[in-house]
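Structure first, then comments.
None of the figures in this text is laboratory data; all of them are computed from the coordinates on show. What you see is a predicted model, and the numbers here were worked out from it, not measured in a lab. Note that each Cβ is placed from the backbone with ideal geometry, even for glycine, and that neighbours are counted across all protein chains shown.
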């Protein structure tokens, strides 16, 4: 799990022309851009998690506000949406049994956040709530089954981010967005060892004086590579052939054992 | 897997990294025991895999897969010696496949309900403690008899029982029995069911049931039982692969290679050692594994909440 891995560095696709045109403009003319040098990352089976560095640019910034450090940036990388079940174990006759459960739909399978400061120092909770930004503000939509009371729904909803943080699939890193110059910034996000494959979305949110200005996003495809992943894919896509092959391997192994050891 | 990390291997279906040698020796140790005692070993492999943090669904499906290897070579030996009743075995296979199909359906249902891990553990606790307890009792009795200087002759099974009054009788020449096909199908079905839910061959239930219920002569029992196990575990493996995608080929290969080698040495050593003590030892091992699983059911979990991907709701049914 904690084996160090080389950080994947993704460079921005910035054009020099944008810098040249950057100039002082009144009002909310600030823009934020992030870009990735690649749209696909291939993860091999030995992957133990790594840092993902995203570079971005803040353009048309007010130099005064910038000097006072009142621009804040939050960058997230959100994994594909899946349905999840949260279960609670209860004791029956001394045995721990999965009892109550609540299903949730369209939950990001992974969520990594980096920000210039602690979220509560950037803006009010209400703003983060409106943006669904941060692990506690993602909208965890329960699938109604007609059984769960509103209280247990609330209780189970609270458990989703906690369990996800515990699995390291969700993480928040305040202070890991750093300005390298007046326009260029760097965000360091975590890709956990168990990062889900699929389409991930990276988003940058720009705040000024506690106010949300704008966001920009880009997407990133995470795929797995290597023999182990090919086996995994075969098991899912050609499951009948895979099963027959598993039987064949077992028969051959048993037969070989007989051949090898019959001599003595 | 880099050369520097040759000890570690990533299991593609179980989705965890494991130590190659631990699994190889696990397979070899269970193979050794199965060679020594003539048991399949599936009932030891699956709990050991669960102790090693392999998800129970994968442990069960892969357990069934690895049982094929040891059973196949055994069945082949018995076939060549003529100590295998193909007709009786095939009828048991028919029952077994029906039982395994039901078992797979129940397996999927339990998995969707989030109760699979619990039921697998409970079934193992019940079967391991029953079989371990009976074996321990039987071997202690045998030891006492030997100490008393008596000849330990097995009690001859009674002449007829209720099983022989059932209709639809069929003659099985190799076994020299004339018996109703109902208990044969039911027995095969029950073993098939257990095979798919527990990942075992089921020989430890099949052998005594054939001897005491169907009165099959001891010399054809093992071969016929192995014959049924090969087909039923093969069917279970394919079914598990297609419905749950939980058969891990890499894990199965490690276990089978260890198992095949271990079984050869086990068989040789088993012939030199005294039976009762060995059986008592195996019985205690079986009881210990059962106890360990039982304790886990009662220990307060670190976290009473858990989260998992919701399985695609099967609308097709």
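The table below gives the values:
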{"read-out": "Tensor-based shape of the range B:141-291 (alpha-carbon gyration tensor, a/c under 1.5 rounded, otherwise prolate or oblate)", "value": "oblate"}
{"read-out": "Separation of alpha-carbon centers, the range B:79-109 and the range A:219-235, rounded to whole Å", "value": "36"}
{"read-out": "Order by protection proxy (mean Cβ within 10 Å, highest first), peptides A:163-175, B:41-53", "value": "B:41-53, A:163-175"}
{"read-out": "Share, in percent, of DSSP beta bridges within chain A that are antiparallel, nearest 5", "value": "80"}
{"read-out": "Ordering of A:181-188, B:208-215 by burial proxy (mean other Cβ atoms within 10 Å per residue, highest first)", "value": "B:208-215, A:181-188"}
{"read-out": "Average beta carbon contacts from partner chains per residue of B:200-210, 10 Å cutoff", "value": "0"}
{"read-out": "Two-site FRET efficiency, residue B:162 against residue B:296, from Cβ-Cβ distance with R₀ of 25 Å, rounded to 0.05", "value": "0.05"}
{"read-out": "Average partner coverage of A:90-101, which counts Cβ from other chains inside 10 Å", "value": "4"}
{"read-out": "Between the range B:195-269 and the range B:20-69, the alpha-carbon center distance in angstrom", "value": "11"}
{"read-out": "Global form of the range A:117-172, assessed from the alpha-carbon gyration tensor, a/c cut-off 1.5", "value": "oblate"}
{"read-out": "Separation of the residue A:227 and residue A:181 label points, Cα + 7 Å toward Cβ, nm", "value": "4.7"}
{"read-out": "For the range A:8-225: rounded, prolate or oblate by the Cα gyration tensor [a/c cutoff 1.5]", "value": "prolate"}
{"read-out": "Averaged over B:254-264, number of beta-carbon atoms from partner chains that fall within 10 Å", "value": "3"}
{"read-out": "Directionally averaged shadow of the protein assembly as shown, computed from the convex hull of its alpha-carbon atoms, nm²", "value": "33.1"}
{"read-out": "Where labels lie 7 Å past Cα in the beta-carbon direction, separation of residue B:144 and residue B:211 in nm", "value": "1.9"}
{"read-out": "Over chain B, relative contact order from alpha-carbon pairs under 8 Å, at least 6 apart, %", "value": "37"}
{"read-out": "Estimated distance in nm for a label pair at residue A:64 and residue A:105, the labels positioned 7 Å out from Cα along Cα-to-Cβ", "value": "5.0"}
